[in-house]
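Data first, discussion second: the structure below is written as structure tokens.
The values are calculated or read from the model by the stated rules, or taken from the named source; none is laboratory data. Fair warning: this is a prediction, and the values are worked out from it, not measured in the lab. Virtual Cβ from ideal backbone geometry, glycine too; neighbours counted across all protein chains shown.
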Amino acid sequence: MSDRDAREELNDLLNGAVEVAAEMLEQEGEFEPFALALRKDGEIMHLSPDEEGEDEREPEQVVESLRKTLRESREDYRAVAVVADVTLEDENDQAMTAAIQVAMEHAAEEPVNCYVPYEFKGEALELAELVGEPGERVVFAGDRPN
């Protein structure tokens, strides 16, 4: 592992993911799920869903497709983040707010899901405070953090 700590790498992915998602929200009002992957050489790659048949696919299917792609190449990556536009619900399953979801995994750290609620005030996008919770190992499933 490099001299950079796994949590710093996850923070870099999180910041990059929120920045890209916010930019797309400001331009389009929504965004398709996408992924960021931190390669072993330290470069961050942006992965978009396959254009093929994109219109018919639900966001959940796009997320699954991105995870499958990441899983197949996981030996090339130290960390990954799958980013989606979601609606957060309250305990009664009532829609509360839109949020940027960033599901992050690191080969050497426990996975974490982060949510950044957002709303539009006129033309301006306003991001609320980030909320984090334990995530699920999907891309690095079967690999234990060191």
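Every test in (1) at pLDDT below 95; (2) under 21 Å from GLU58 (Cα atoms); (3) of a type outside the set (A, V, I, L, M) is passed by TYR115 save one, and that test is (1).
For the stretch 66-96, taking the residues that are in contact with an Asp or Glu (Cβ under 7 Å, 6 or more places away or on another chain) and not hydrophobic (A, V, I, L, M, F, W, C), the one that is nearest to ALA22 (Cα to Cα) is identified as ASP85. When LEU25, LEU36, LEU14 are checked against the criterion of being surrounded by 13 or more Cβ atoms within 10 Å (Cβ to Cβ), of a type in the set (A, V, I, L, M), modelled with pLDDT of 90 or more and touching a Cys at 6+ places or on another chain (Cβ under 7 Å), LEU14 stands alone in meeting it. Of the strands (runs of 3 or more DSSP E) contained entirely in the stretch 82-146, those carrying at least 1 residues that are touching a residue at least 60 places away in the same chain (Cβ under 8 Å) fall at 95-106, 109-121, 124-127.
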